Amino acid sequence: MVYYRPHGNEIAVFETAARRRLPVLLKGPTGCGKTRFVRYMAERLGRPLITIACQEDLAAADLTGRFLLEGGSTVWRDGPLTRAVREGAICYLDEVVEARSDVMTVLHPLTDDRRTLPLDRLGVELTAPDAFLVVISYNPGYQSVSKELKESTRQRFVSLAFDYPPAEVEAEIVVAESGCASEIAIQLVKIGRGSRNLRSHGLGEGASTRLLIYAGQLVVAGLPLFDACEATLVGSLTDDAEMTKALRELLKSVLGPPPGR
């Protein structure tokens, strides 16, 4: 089963919402565990999961389906949202505000008491089975104002706010996911939390729990700790020379100077 370490009441809220067929909104910073949580809950509930990574070119037709020419014939091919409705799956739209506005429009009848999906090109309307569930996520601190989720949309969902877990819990997650020693995980978490404090000084995003796990995996694979941190907790966070210098100083403050340099 997918590993997930809860640090609140998120499991109980999600399970209750799923029983009541209520759509769920996850909001929180990059790499804090939103997608892993959805995978975990799909396994826990025994439901298939269809994940859609949203981006600016994603349109409603990409979700519902379209007619295609195959072997000289025109055939209909379901999109992932239509497949999820037919199969009674959890449909997870990651970073939904990155998609075009018509994506939210097609979700509206699925996120109220109608629970229907009109397929205008087929002239049919699908009714979602009880097991079907819409889950969306976004990072409210990352997008521009023009890409914030509308109030009217947010009020269609049960919301769960995610954040990076407390230091001791985050270290536990890093150990479980990377296999590194606990003392290494504690150091990685200190660096990660320090990088997040640099957001107020111009860093776009602090280190995610995912990046800390990557660093731990590199260490387990034999890379020196400082080099692993340089490759993940510095190089993956910024290209700015001044911010790179600040992150390297953070590494030295936690790990000491790199050996032989």
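Structure notes:
- In the stretch 77-129, the residue that is surrounded by the most Cβ atoms within 10 Å (Cβ to Cβ) out of those that are among the charged types (D, E, K, R) and in a loop (DSSP other than H, G, I, E, B) is 95.
- Some residue of the stretch 78-94 being among the small types (Gly, Ala, Ser) and more than 19 Å from residue 133 (Cβ to Cβ): no
- Residue 113 free of Cβ contacts under 8 Å to residues at least 60 places away in the same chain, assigned by TED's automatic domain parsing to the domain that holds residue 157 and closer than 25 Å to residue 18 by Cβ: yes
- Of all the residues in the stretch 231-261, those that are closer than 24 Å to residue 181 by Cβ, assigned to a helix (DSSP H, G or I) and either of a type in the set (S, T, N, Q) or over 24 Å from the mean Cα position of the chain (by Cα) (or both) number 9.
- Failed condition for residue 180, given (1) part of a loop (DSSP other than H, G, I, E, B); (2) outside the structural domain of residue 99 (by TED's automatic domain parsing); (3) free of Cβ contacts under 8 Å to residues at least 24 places away in the same chain: (3)
- Residues of the stretch 20-66 that are in a helix (DSSP H, G or I) and over 9 Å from the mean Cα position of the chain (by Cα): 39, 40, 41, 42, 43, 44, 45, 60, 61, 62, 63, 64.
- Every residue from the stretch 9-48 that is at positive phi and surrounded by fewer than 18 Cβ atoms within 10 Å (Cβ to Cβ): 21, 46
- Of the numbered criteria (1) over 28 Å from residue 125 (Cβ atoms); (2) in the same structural domain as residue 149 (by TED's automatic domain parsing); (3) surrounded by fewer than 21 Cβ atoms within 10 Å (Cβ to Cβ); (4) touching a residue at least 40 places away in the same chain (Cβ under 8 Å), the one residue 72 fails is (4).
- Of the residues making up the stretch 1-26, those that are of a type in the set (D, E, K, R) and out of contact with any strand residue (DSSP E or B) (no Cβ under 6 Å at 6 or more places or on another chain) are 5, 15, 19, 20, 21.
The values are calculated or read from the model by the stated rules, or taken from the named source; none is laboratory data. What you see is a predicted model; the values in this text were computed from it and never measured. Counting neighbours? That spans all protein chains shown, and the Cβs are built from the backbone with ideal geometry, glycine included.
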